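Read through the structure below, which is laid out as structure tokens, and then see the notes.
The values are calculated or read from the model by the stated rules, or taken from the named source; none is laboratory data. None of the values given here were measured: they were computed from a predicted structure. As a convention, Cβ positions derive from the backbone with ideal geometry for all residues, glycine included, and neighbour counts pool all protein chains shown.
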Amino acid sequence: MATRVSDSGSLIQVQAQRRENTEKERINRQLREQKKNEEIEAALAALSVFDYKPVEYETELIRKEFSEPQIPDFSYLLSEARDKVVKGYQSTFLIQGALGMVFALLCLVVWNYFVVIVGVAGVIACAISMNRDIKSKQDSIERALRAAKENADQKVKEIKDSIDGLRKVFIETENARIEKLKLFLNGDRDSVLAYMENVLQEFRLPFFLKCTIYYQQYEPVLEMRFPEQSIIPPNNLTLSANGDVVSEEKSPFEINRQYSEVLAATAVSVALKLYSAVPTLECLYVQGIVDNSGKEVYVFSMKTTRQLAIEEAVKCKSGMEACQVFEAEYSVKTAGSLAPIQPVFPGWWDMMPKDKIKSVTVSCLQR
């Protein structure tokens, strides 16, 4: 009986622990969702904070100096060559010196006429051999030093040739960079279009955005294909005083209004970014496109100008307010959503065959 009671108690403890773990996981999941929701809302709201910081290209026109690599000092090769020769003769000189000492000792220790003659002859022979080897060593050292110097000179020449090649490539690259920048600053169409493409590629948004730029006669058209309304969080998630996550569902009107503001604010932010990066850009037509039951429709259209953008629009507190500055074409339904409209294009739009208009399609990636 005691065993059954013990098993029952253990089972209750296990079940209680499971319930506690499940509750902790639920709370952690809600907190993660609340944090993610908060980050998304903050990122969407940040789109309505406009900024204009013109890029300074003057410093980029300054030609950069080639930084020449330092040529290594190969004098160590001569020292190594000399030491190698000297080391090769050390054993020879030691043997010759030892033999000379032996013969000299024989002369001093053994007072025999024959031994003295042999000892003196041995000492003389060792001296002659050592003198010959000393001259041979000196000749070997000179040959080794000449070879080492030739090797060092060859290495220096190869490095200098390599540096000359690097310098040539650097100068050519620098010339091309400055020439490309000058074309851009002078309003060359292809250069401006390439810079605008690069600006949009590096522009990060809270969502994926596909853009197409049509450029003709210094009046580019920017078509922005916006994602669906699902980019707007459907609920407001907040933390209560006791740390619980409170979810409040947004009304359809609130979602529509926020979506409309995000579209307008994104368009103005992108336009300001392009005006900041392209000093020759004075006019930009911006078209907002959304998917409506599988069909693309224009929901706003505006002709922006540099003057209005940097003097008026940048001060606005919302995208819709900035659109009014540009006298944009748009229509807000009673439910707060944007209705399809007839877009406004520059004069050349209907006169030019679309396949003759220079254009690029680029995506602003999600950060």
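At a glance:
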quantity: Among residues of region 124-157, those that are within 30 Å of residue 63 (Cα to Cα) and either at pLDDT 85 or above or in contact with a Phe, Trp or Tyr (Cβ under 6 Å, 6 or more places away or on another chain) (or both), counted; calculated: 1
quantity: Residues satisfying the stated conditions in region 294-314, i.e. more than 16 Å from residue 229 (Cβ to Cβ) and small (Gly, Ala, Ser); calculated: 301, 309, 313
quantity: Test set (1) in contact with a strand residue (DSSP E or B) (Cβ under 6 Å, 6 or more places away or on another chain); (2) within 16 Å of residue 227 (Cβ to Cβ); (3) outside any helix (DSSP H, G or I) - residue 291 fails condition number; calculated: (1)
quantity: Odd one out for residue 260 among (1) buried (at least 22 other Cβ atoms within 10 Å of the Cβ); (2) part of a loop (DSSP other than H, G, I, E, B); (3) among the hydroxyl-bearing types (Ser, Thr, Tyr); calculated: (2)
quantity: All positions within region 198-214 that are in a helix (DSSP H, G or I) and more than 27 Å from residue 230 (Cα to Cα); calculated: 198
quantity: Residues located in region 282-308, provided they are surrounded by 15 or more Cβ atoms within 10 Å (Cβ to Cβ), of a type in the set (D, E, K, R) and more than 32 Å from the chain's Cα centre (by Cα); calculated: 303
quantity: Flag for residue 218 being within 24 Å of residue 329 (Cα to Cα) and among the aromatic types (Phe, Trp, Tyr); calculated: yes
quantity: Close pairs (7 angstrom Cβ cut-off, 6 or more residues apart or separate chains): closer than 12 Å to residue 273 by Cβ in region 40-55, among the aromatic types (Phe, Trp, Tyr) and part of a helix (DSSP H, G or I) anywhere; calculated: 52/275
quantity: Test: residue in region 261-276 that is basic (Lys, Arg), touching a residue at least 12 places away in the same chain (Cβ under 8 Å) and in contact with a strand residue (DSSP E or B) (Cβ under 8 Å, 6 or more places away or on another chain); calculated: no
quantity: Complete set of residues in region 309-367 that are of a type in the set (Asp, Glu) and surrounded by fewer than 14 Cβ atoms within 10 Å (Cβ to Cβ); calculated: 311, 327, 350, 355
quantity: Residue match in region 165-178 (condition: polar (S, T, N, Q) and assigned to a loop (DSSP other than H, G, I, E, B)); calculated: no
